[in-house]
Amino acid sequence: MKKTGQTPHAKRRGWLKNGNPPGDFANAKRCGAKTRRGTPCQCGAMPNGRCRLHGGFSTGPKTAAGIELIRRAVTKHGRYSQPARAEGRALRLLLKECREALSQMQSEFDRG
């Protein structure tokens, strides 16, 4: 079933991923990061020199606006935010004052 004029292992050409130039993928720049096995990674490198798996740690947001966006993104419910804690303290203080007032009224009622 082999077609004439076709070699079984012809060089493949075409567009490559991660910003590598088109052509033979075997000639693409390699990541080279040390793997858990101790050998260099053989994945194709992105423009930053590492593959998608070894791209490196994020350096995090630099501007105040970026920091605020990250803070909002990681807030799940706001239950422990500073305003929520202040509101909880105020409620507990109010309850404490109510209990004291009720106990005072109860003691006056028992006397009289």
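Centre-to-centre separation between the Cα atoms of segment 33-69 and those of segment 96-110: 64 Å. Tell me, what % of the accessible area of segment 55-112 is carbon and sulfur with a 1.4 angstrom probe? Answer for segment 55-112: carbon and sulfur cover 61 percent of the accessible area. Computed from phi, the 3J(HN,Hα) profile of segment 73-85 under the Karplus parametrisation 6.51, -1.76, 1.60 (θ = phi - 60°) reads 5, 8, 6, 8, 9, x, 4, 10, 6, 4, x, 5, 5 Hz, with x in place of Gly and Pro. Phi-derived couplings, Karplus 6.51 cos²θ - 1.76 cosθ + 1.60 at θ = phi - 60°, listed residue by residue for segment 37-44: 6, x, 9, x, 5, 9, 5, x Hz, with x used for Gly and Pro. Computed packing ranks the peptides 74-86, 28-40 as 28-40, 74-86, most packed first, by mean other Cβ atoms within 10 Å. Dipole of segment 39-112 computed with +1 at Lys/Arg Cβ and -1 at Asp/Glu Cβ about the Cα centre; of Leu94, Ile67, Met46, farthest Cα towards the positive end is Met46. Between the amide H of Arg30 and those of Ala45, distances stay under 5 Å, these residues lying 5 or more places away or on another chain, with hydrogens modeled in the peptide plane.
The values are calculated or read from the model by the stated rules, or taken from the named source; none is laboratory data. The structure presented is a predicted model; accordingly, all values stated were derived computationally and were not measured. All Cβ positions, even for glycine, are placed from backbone atoms using ideal geometry, and neighbour counts span all protein chains on display. Accessible surface areas use protein heavy atoms only, side chains included; no ligands, DNA or RNA. Shrake-Rupley method; radii C 1.70, N 1.55, O 1.52, S 1.80 Å.
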